[in-house]
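S.K.: Quick one: this structure, given as structure tokens, is what I'll be asking you about.
The values are calculated or read from the model by the stated rules, or taken from the named source; none is laboratory data. These numbers were taken from a predicted model, which means no experiment stands behind them. Positions of Cβ are backbone-derived with ideal geometry, glycine not excepted, and every protein chain shown enters the neighbour counts. Accessible surface is based on the protein model in full, side chains and every heavy atom, while ligands, DNA and RNA are left aside. Shrake-Rupley method; radii C 1.70, N 1.55, O 1.52, S 1.80 Å.
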Amino acid sequence: MDRRRLALGGPKQRGLLAMLLIHVNQPVSAGRLTEALWGSSPPAGAEVTLRTHVSHLRRHLASIGADGVLITRPSGYSLVVDPEQVDAYRFERLAGLGQEAVGLADPERAAGLLREALDLWRGSVLQDLDRPLFAEAETVRLEGLRLDAVEARISADLA
């Protein structure tokens, strides 16, 4: 798996990528993206600016070998990737397997899986975007799962 960092522009472009990653492999309408990036009162020309941000994001993705993953659809835009390439999805899968191992009384396996899941965390969710409103529910959900994983890992270590 390619672990290179993607150097993006300002907060709008990072917000665009975040919104598409939250809804990975699902179309997100231009209107919904516009509202996520500018709120309920977007400036005149926001949809044109959105298309510019999409174009720049495509170029950045292509620079790391991810050509063709940002798709324009009649219903909006989609980031089409294997969910295993998205840390949040990998975390959730590994934490779930770790919780399952706890339930199966396999503390050694549980601790390993939960450690692997927790190693994917590098700070709070979308901290560089100052916790955007469009990601509030997902941020709270993921941080709750992280706390559950920490608790389960400690229990597995004690067992």
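S.K.: Can you list residue pairs whose Cβ atoms sit under 8 Å apart, with the first residue in the range 67-95 being under 23 Å from residue 143 (Cα atoms) and open to solvent by 70 Å² or more (accessible area, probe 1.4 Å) and the second being in a helix (DSSP H, G or I) and among the charged types (D, E, K, R)? Count only pairs 6 or more apart in sequence or on different chains.
M.R.: 93/84
S.K.: In the range 39-74, what residues are farther than 13 Å from residue 13 by Cβ and under 21 Å from the mean Cα position of the chain (by Cα)?
M.R.: Across the range 39-74, the qualifying residues are 39, 62, 63, 64, 65, 66, 67, 68, 69, 71, 72, 73.
S.K.: Could I ask something else about it? Exactly one of these conditions fails for residue 52: (1) part of a helix (DSSP H, G or I); (2) in contact with a helix residue (DSSP H, G or I) (Cβ under 8 Å, 6 or more places away or on another chain). Give me its number.
M.R.: (2)
S.K.: Restrict the check to the range 50-60 and report whether at least one residue is within 30 Å of residue 119 (Cα to Cα) and open to solvent by less than 60 Å² (accessible area, probe 1.4 Å).
M.R.: Within the range 50-60 (the criterion being within 30 Å of residue 119 (Cα to Cα) and open to solvent by less than 60 Å² (accessible area, probe 1.4 Å)), the answer is yes, since at least one residue qualifies.
S.K.: Do the conditions hold for residue 131, that is, is it under 16 Å from residue 21 (Cα atoms), basic (Lys, Arg) and touching a residue at least 24 places away in the same chain (Cβ under 8 Å)?
M.R.: No, not satisfied.
S.K.: Name the pairs: first residue in the range 1-19 and open to solvent by 60 Å² or more (accessible area, probe 1.4 Å) and at pLDDT below 70, second residue outside any helix (DSSP H, G or I) and among the small types (Gly, Ala, Ser), Cβ to Cβ under 9 Å, at least 6 apart or on different chains?
M.R.: Listed by first residue and then by second, the contacts come to 2/65; 2/66; 4/65.
S.K.: Right, here's the next one. Criterion first (closer than 19 Å to residue 156 by Cα, in contact with an Asp or Glu (Cβ under 9 Å, 6 or more places away or on another chain) and either polar (S, T, N, Q) or loosely packed, with under 13 Cβ neighbours inside 10 Å (or both)) does residue 99 satisfy it?
M.R.: Judged against the criteria, residue 99 is a match.
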